[in-house]
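Chemist: Quick one: the structure is below, and I'll ask about it shortly.
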Amino acid sequence: MKLAHRSIAIVVLSAAVSFSYAQLEGSKPEAQRVHHPIPAIQDTETTAQHYARMQWWREARFGMFIHWGLYSIPAGTWDGKQIPDIGEWIMNDASIPVADYKALAARFNPTSFRAHDIVSLAKSAGMKYIVITAKHHDGFAMFDSKANAFNIVASTPFKRDPLRELAEECRKQDIKLGFYYSQDQDWTAPGASAIQRANHDPITHHWDKAQDGAFDTYLHTKAIPQIKELLTNYGEFPVVVWFDTPTANMTPERAAEIVTLLKQHPNLIWNNRLGGTYKGDTETPEQYIPPHGFPGRDWEACMTMNDTWGYKSYDTNFKSTETLLRNLIDIASKGGNYLLNIGPDSTGVVPAPEAERLRQMGQWLAVNGEAIYNTKPTLFGPEAGEFSATEKDKSGNPKFIPSWKWRSTTAAEKIYIEIFNWPSGSFHIDTLPRKVNSAYLLADSAHTPLKMSQTADHIDVQLPAKALDPIATVLVLNMSK
Ligand code: FHN
């Protein structure tokens, strides 16, 4: 690689530019369709239909995940002890009996919850969709459910349906709404699954006799009726259903019953965590960013801001705005979406450090959003980092060592270079295959042309002495005339 003095150098591999975006965007040629063992849920969608269904989601790039439920009352502490691990798992981690956990409902009165404030926060962060926990593994429905009384309207003094209020507000503020639903694990419903964490029954993984029963009874009297309620009671929402933690109980036959319901809503998008071998629409890497995305599949990295999804009063290990923003840019450069979590407290308030970071991200996006929304992945690749020749990851594979100098996203006539480490002098690119007609910094509202020189085998862009934004300054290489 040719390195210019005091510059960042990049190489465009000719192989890298020959890919088709369709490959990266998860379009669905017949040959790639997954044939499901249950005939009723064969994938018959055409590539064009699939593209139309996924389009808004692919353009969105940034969404808000909300984990909110009864677990925000104990907030990580039970019987005076701080319970390690993520807050929404406290019932399982502390082996809380069903009756004791259910008693929390009588104390849940989040009168400071304002759908308007949460939706406005998502908007000010530059997020394009929201996914909220309608029911997490504790089995408590955060919506008005006729199917099961353990819900926020029937069992709490609050008596309001936050999902309805959010749906109304999302409509007003023009942002999309999706629902998370724990279809398999439900620790307060007899017969449902529990994943082993503490010292529980080795077969059922239950810790209370009240959890024993038949999975099909749970599926047919609670999960499926509630999924129907969620799919029909909120108008055009949900646009996304986000399933989670499937176990062996979610057989292909059982999953097919759910898919049959989902297919009645032709615009719906759902993730890859239903179970029963059904792959869904989106890959969901959790708490990590895959080295080079998921070529051929749509994907969304879900991540926390601190070390918990559900509110924990003493978890203050918040990532910096710099880290969160660079994660968003990294993800966009690999063709994915970032679903970033907030965990409101038991009064319904979003913790201040979370709100603050989201607003700061929104300020950057207000200036530089053109380089993120509706963009295509990098035309380069090696800038993301490389696999170590010596270090191994947890699975024993070569460890990916990310590099945090810059990333790139692409539009029809533009290449965006999001620079993290500002070079003194110039930005140098070898073998850029397209003629660049001008270069400027996105944060410079005048788009003052930067001096550049391009030959058949390189381009040099002269940069000002200081970055316009210390987190990421976007250099635009403009190919249009
Ligand atoms: O067990 C859950 C966890 O509580 C959280 O909801 C995350 C979000 O992706 N999903 C599961 C763990 O993979």
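The values are calculated or read from the model by the stated rules, or taken from the named source; none is laboratory data. Keep in mind that this is a model prediction, so the values were computed, not measured. Ideal geometry is used to build each Cβ from the backbone, glycine not excepted, and the neighbour counts take in all protein chains shown. Remember, those area values only see protein heavy atoms, side chains included, never the ligands or the DNA or RNA. Shrake-Rupley method; radii C 1.70, N 1.55, O 1.52, S 1.80 Å.
Chemist: Highest mean first, how do 273-285, 210-222, 74-86 rank when packing is the count of other Cβ atoms within 10 Å averaged over residues?
Modeler: Peptide ranking by packing, descending: 273-285, 210-222, 74-86.
Chemist: Please list, in chain and number order, the residues 5+ apart from residue 242 or on another chain whose amide H is under 5 Å from its amide H, with Hs placed from the backbone.
Modeler: Hits under the 5 Å cutoff: 179, 180, 181.
Chemist: Gap in Å between the Cα centre of the range 255-274 and the Cα centre of the range 42-72?
Modeler: 12
Chemist: Give a residue-ordered list of calculated ³J(HN,Hα) values for the range 249-262 (Karplus: 6.51 cos²θ - 1.76 cosθ + 1.60, θ = phi - 60°; whole Hz; x for Gly, Pro).
Modeler: Karplus values, whole Hz, x for Gly and Pro: 5, 8, 6, x, 5, 5, 4, 4, 4, 6, 4, 4, 5, 4.
Chemist: Next up: Roughly what % of DSSP beta bridges within the chain run antiparallel, to the nearest 5?
Modeler: Percentage antiparallel, nearest 5: 50.
Chemist: Continuing with the same structure: With a 1.4 Å probe and every protein chain kept in, tell me what percent of the accessible surface of the chain is carbon plus sulfur.
Modeler: C and S atoms contribute 54 percent here.
Chemist: Applying a 10 Å radius around every beta-carbon, put 306-312, 109-115, 174-180 in order of their mean neighbour count, most first.
Modeler: 306-312, 174-180, 109-115
Chemist: Could you compute the net charge surrounding residue 326? Neighbours are other residues with a C-beta less than 9 Å from the C-beta of residue 326; K and R count +1, D and E count -1.
Modeler: Every neighbour counted, the sum reads -2.
Chemist: Among the lysines, which fall within straight-line cross-link reach of residue 279, defined as a Cα-Cα distance under 17 Å, with same-chain neighbours fewer than 8 residues apart omitted?
Modeler: Cross-link targets: 28, 263.
Chemist: Can you give the net charge of the other residues whose Cβ lies under 13 Å from the Cβ of residue 264, counting K and R as +1 and D and E as -1?
Modeler: +1
Chemist: Roughly how many Å² is the accessible area per residue of the range 28-371, as a whole number, for a 1.4 Å probe?
Modeler: Ligands and nucleic acids excluded, the figure is 37 Å² per residue.
Chemist: Here's another thing I want to ask about it. In the structure shown, do any of 128/319; 102/209; 334/376; 135/159; 123/228 have a Cα-Cα gap over 18 Å, and if so which?
Modeler: Pairs exceeding 18 Å: 128/319; 123/228.
Chemist: Each residue of the range 162-170 in turn: what ³J(HN,Hα) in whole Hz from Karplus with 6.51, -1.76, 1.60 and θ = phi - 60°, glycine and Pro shown as x?
Modeler: Calculated HN-Hα couplings, in order: x, 5, 5, 5, 5, 4, 4, 5, 5 Hz.
Chemist: Additional query: What are the ³J(HN,Hα) values, in whole Hz, obtained from phi via the Karplus relation 6.51 cos²θ - 1.76 cosθ + 1.60 with θ = phi - 60°, for each residue of the range 417-429 in sequence order, with x given for Gly and Pro?
Modeler: 10, 8, 8, 8, 9, 6, x, 8, x, 10, 9, 10, 10
Chemist: What does the charge count around residue 481 come to, taking other residues whose C-beta lies under 10 Å from its C-beta (Lys +1, Arg +1, Asp -1, Glu -1)?
Modeler: Counting the neighbours of residue 481, the net charge comes to 0.
Chemist: Please compute the length gained on full extension between residue 173 and residue 43, using 0.36 nm multiplied by the number of residues separating them and subtracting their Cα-Cα distance.
Modeler: 43.4 nm
Chemist: Which aspartates and glutamates, if any, have their Cα less than 15 Å from the Cα of residue 146, not counting same-chain residues under 8 positions apart?
Modeler: Residue 146 reaches 161, 229.
Chemist: Quickly estimate the mean residue ellipticity at 222 nm for the chain, helices only: each DSSP H run with n ≥ 4 gives -39500 (n - 2.57), and the total goes over all residues, rounded to 500.
Modeler: Result for the chain, helices only: -6500 deg cm²/dmol.
Chemist: Order the peptides 200-208, 360-368 from the highest to the lowest mean number of other Cβ atoms within 10 Å of their residues.
Modeler: Packing order, densest peptide first, comes out as 360-368, 200-208.
Chemist: Report the relative contact order of the chain, percent, no decimals, based on alpha-carbon pairs under 8 angstrom and at least 6 residues apart.
Modeler: 18
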